[in-house]
Amino acid sequence: MKKHGQMIGSEILALALLLSLAGCLPGEEGPDAGNTQTGAAQSEPGTVEPAGYIPPEENRSFAASGMDCCPTEDGTGFYCPGTQILRYYDPAARDLITLCPQSGCAHGDESCEAWLGESVSGFAAYEGSWYVLAEENNSAVLRRIDPQTRERADVKVFQSQNIYDSYRLSSGVVAHGYVYAWLDHDWWEDQTVYQKESFLIRISQDNGTTDTLFDTADYISPADRVTFAGADEEQVLILAETLTSDYLTQEEYLAQNPGEDYGLYLMDLMEEEGVYELREYAFDMSDYRVVAEGARTSSSWALTRYGDLTLYAVDNTLYVYDLATGESRMLVEAPGTLRNFLMVDGKVMYLVRDPELHVCYLDLDDGEIHTLENEGKTDGAVFSIMGECGSTLFGNYNGKEGNLLGCYISKEDYYAERYENIFY
Ligand SMILES: [Zn+2]
């Protein structure tokens, strides 16, 4: 809690300059987050630009096609997956290139070296391979691509039986040799009655062996929800939201409250009587222990895991759970309502409303808390972080420079709030 609100403007600028002069910002040892690596650690001095922490590979979300970028293996740039092909963004050259060296290629089918699949929803680079979530002919595919040879292999296919039957892998996370993903299955019973089920599954990257961890059909109420919160070789973290009190079915509710919104009713009920738990399950899901009661994740869910560290909140206090040690640590008690939180570059970013909005970050290296000036804006963060590579943040900017979607800013410029240096 030290220095809250004091480290502003020129002091942050001075800090950023100091760190960049140190060569491999912000240090050769990352926070304790599994396979954290730094950009400059394995290179000759002066051959790599000063860079922040390279985000760890473990527990990283698949980048959503057409929306997200994810860091390259060496952390120097971004992979920007489209719904069919893969592009690479080089922040040093400020250049977006299609990853296909074939001259004259139209980049439109399997013959293209940048080809990922027919209808791709997610992309991840993990342990030297590329992984793709794709939907092809109503079937869902987890595909592995060798970045060197561009050879494609389907690790797992959820096969559609006919045109009334479809599977989709909507989102996923890579962790310790497995892909954790949400699988949606839609079908028309007797070609007339629409049915849908969703599963949280775990697919082995070695052999495609698949386990079902949760099945929405098993939920007690329609308000129940499970959120994947991290995994290692021995356990799986799950945020479980359950409604244990009695509730009305949609039919009962609408009979008593014609024209009202059943979804809102469930949300209000969850707010009053819902049970929120961070659970640590045994790897085979046979048993769990409650790590924290009242635990919630943030709307920046994809950035709440940083290697084997998982961020969560109880009321207005932020915690981090470390899968490696099995322990939670309190990080900061927000001086107001905690609105959102995420972790990039070895730092925990969070928004507090008191009632004005403050954009803060906690540096895990020195425990110091900083508050950004945020251009004086009090209704939202001027730069919403969506992703990072070693040197650069990716996100949306909405402030004095205008409304810029899917733009980039160097980490140094972000901490110094030099938004005029945002680039594409
Ligand atoms: Zn091509």
- Message: For SER171, what residues show an amide H to amide H distance below 5 Å, using hydrogens built from the backbone and excluding near sequence neighbours?
- Response: TRP182
- Message: Quick one: 3J(HN,Hα) in Hz for the range 213-220, Karplus 6.51/-1.76/1.60 with θ = phi - 60°, rounded, Gly and Pro as x.
- Response: 8, 9, 10, 4, 5, 8, 5, 6
- Item | Charge dipole (debye, nearest 20) of the chain; +1 at Cβ of Lys and Arg, -1 at Cβ of Asp and Glu | 1000
- Counting each DSSP H run of 4 or more residues in the chain as -39500 (n - 2.57), what helix-only mean residue ellipticity at 222 nm follows after dividing by all residues, to the nearest 500 deg cm²/dmol? -2500 deg cm²/dmol
- Task: Could you line up THR371, THR378, THR325, THR304 from fewest to most neighbouring Cβ atoms inside 10 Å?
- Result: THR325, THR378, THR371, THR304
- When CYS360, CYS389 are ordered from fewest to most other Cβ atoms inside 10 Å of their Cβ, what list results? CYS360, CYS389
- Note on the structure: Taking the dipole of the chain about the Cα centre (Lys, Arg +1; Asp, Glu -1; charges at Cβ), the one of GLY108, VAL352, VAL141 that reaches farthest to the positive side is GLY108
- Query: Among all lysine pairs in the chain that are eight or more places apart or on different chains, how many have alpha carbons less than 24 angstrom apart?
  - Reply: 12
- Note on the structure: Charge dipole of the chain built from unit charges on the beta carbon (Lys, Arg +1; Asp, Glu -1), centred at mean Cα; most positive-end Cα among ALA181, PHE341, GLY387 is GLY387
- Item | Modelled label reach - MET285, point 7 Å along Cα→Cβ, the range 208-225 residues with backbone N closer than 12 Å | 210-219
- Rg/Rg_ref, the chain, where Rg_ref = 2.2 N^0.38 Å and atoms are Cα: 1.02
- Task: Give the peptides 404-410, 129-135, 289-295 in descending order of average Cβ contacts within 10 Å, highest first.
- Result: 129-135, 404-410, 289-295
- Query: So how much slack lies between ASP315 and THR249, counting 0.36 nm per residue of separation and subtracting their Cα-Cα distance, in nm?
  - Reply: 20.8 nm
- Could you sort 314-321, 52-59 so that the peptide with the highest average Cβ count within 10 Å comes first and the rest follow in order? 52-59, 314-321
- Message: Students often check this: by mean Cβ neighbours within 10 Å, which of 190-196, 278-284 ranks highest, and how do the rest follow?
- Response: 278-284, 190-196
- Could you run the Karplus curve 6.51 cos²θ - 1.76 cosθ + 1.60 with θ = phi - 60° over the range 171-180 and give me ³J(HN,Hα) per residue in whole Hz, x for Gly and Pro? 7, x, 9, 9, 7, 6, x, 10, 10, 9
- Base-10 log of normalised Debye intensity for the range 174-268 (one unit scatterer per alpha-carbon) at q = 0.16, 0.18 Å⁻¹: -0.84, -0.96
- By counting other Cβ atoms within 10 Å of each Cβ, how are ARG329, ARG152 ranked from fewest to most? ARG329, ARG152
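No value in this document is a laboratory result; all are computed from the given coordinates. Remember, it's a predicted structure, so these values are computed and weren't measured experimentally. Note: ideal-geometry Cβ built from the backbone for every residue, glycine included; neighbour counts use all protein chains shown.
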